[in-house]
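Asker: Supplied in structure tokens, the structure appears directly below.
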Amino acid sequence: MARLVLRDFDIRKAYLDSTEQTGLVEVLRPVLKSAPLFRPVTPSGKEMSVRMTSAGSLGWVTDRAGYRYQSQHPKGVSWPSIPEPILAVWRDLASAERDPDCCLINYYGEDARMGLHQDKDEADFSWPVLSISLGDDALFRIGNNTRGGKTESIWLNSGDVVIMGGPARLTYHGVDRIRFGSSKLLPKSGRINLTLRVAS
Ligand code: SIN
Ligand code: MN
């Protein structure tokens, strides 16, 4: 495992080996079954290109009513709990004191991307956001604490974990594109990104 710091983003390359990655995909299967991926709409009415769901006591959603955390999937059921092997990554790298209350699950298909944004719907920014990459490679872009300015990019591979905390907590970040089919982890290719958050 190599450690790399880019604009205060703490990047653990290959934190998860291939057995651990397969294990996470396995524990995500029942989660995705009870809380299926859906295509979110931004408050302005634009469909996002990623598909999304959550695990935990809170899930992040967006629709015409705005960005927010809520206790239920749009289909009206509680989110499933966050599987233990995912919590183990948080406890190792983020905090052994408090578990996250949200694991946002984003699925990137062939043309999916995520524009530069800040994660700022959480109550307390002293907690980091921890991101786990599974599946196809993604070109991750890091900006600044305000919109605009120069950016830097790095390819995230399956098994990489990024800790966005401290001075990086409110830094703009996004995903320009994925290299569809670059990983054999997911049967239909694509990329799953998990972000663990203390939301409340
Ligand atoms: C996010 O910012 O919520 C996702 C980042 C990623 O997909 O790597
Ligand atoms: Mn984000």
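Asker: Suppose R0 equals 22 Å; then what is the FRET efficiency for Ser18 and Gln118 from their Cβ-Cβ distance, rounded to the nearest 0.05?
Answerer: So the FRET efficiency works out to roughly 0.10.
Asker: By its C-alpha gyration tensor, with a ≥ b ≥ c as the square roots of the eigenvalues, how is the range 150-200 shaped: rounded for a/c under 1.5, else prolate for a/b larger than b/c, else oblate?
Answerer: oblate
Asker: Could you put Leu134, Leu16 in order, starting from the residue whose Cβ has the fewest other Cβ atoms within 10 Å?
Answerer: Lowest to highest Cβ neighbour count: Leu16, Leu134.
Asker: In vacuo Debye scattering of the range 46-92, one point per C-alpha: log10 I(q)/I(0) at q = 0.30 Å⁻¹?
Answerer: With no solvent term, the Cα-only Debye profile gives -1.12.
Asker: What is the distance, in nm, between label points placed 7 Å from the Cα along the Cα-to-Cβ direction at Met1 and at Ser200?
Answerer: Going by the 7 Å Cα→Cβ label model, 3.0 nm.
Asker: Next question. Please check: in the Gaussian network model of the chain (C-alpha springs, under 10 Å), which one of Gly174, Gly159, Gly76 has the largest mean-square fluctuation.
Answerer: Gly76
Asker: If you don't mind, there's one more thing I want to ask. Projecting each Cα onto the charge dipole of the range 117-190 (Lys/Arg +1, Asp/Glu -1 at the beta carbon, about the Cα centre), which of Met164, Ser133, Ala123 comes out farthest on the positive side?
Answerer: Ser133
Asker: Specify the residue with the greatest mean-square fluctuation among Gly23, Gly149, Gly66, computed from a Gaussian network of the chain linking alpha-carbon atoms under 10 Å apart.
Answerer: Gly149
Asker: So how do Val5, Val27 line up by other beta-carbon neighbours within 10 Å, fewest first?
Answerer: Val5, Val27
Asker: Along the charge dipole of the range 1-156, which of Ser49, Gly76, Asn144 sits closest to the positive end, that is, farthest toward it, with unit charges on the beta carbon of Lys, Arg, Asp and Glu (+1, +1, -1, -1)?
Answerer: Value: Ser49.
Asker: Give the shape of the range 2-197 as rounded, prolate or oblate, defined through the alpha-carbon gyration tensor: a ≥ b ≥ c are the square roots of its eigenvalues, a/c under 1.5 means rounded, and otherwise the shape is prolate if a/b is larger than b/c and oblate if not.
Answerer: Working: a/c = 1.17, a/b = 1.06, b/c = 1.10.
It comes out rounded by the Cα gyration axes.
Asker: Return the Rg/Rh value of the range 1-68, two decimal places, where both radii are evaluated on C-alpha atoms and Rh is the Kirkwood radius. Working shown, then result.
Answerer: Values: Rg = 16.0 Å, Rh = 14.7 Å.
We get a ratio of 1.09 for the range 1-68.
Each value in this text was obtained by applying a stated rule to the coordinates, not by laboratory testing. Note that the structure is predicted; figures quoted are calculated from it, not measured. Note that each Cβ is placed from the backbone with ideal geometry, even for glycine, and that neighbours are counted across all protein chains shown.
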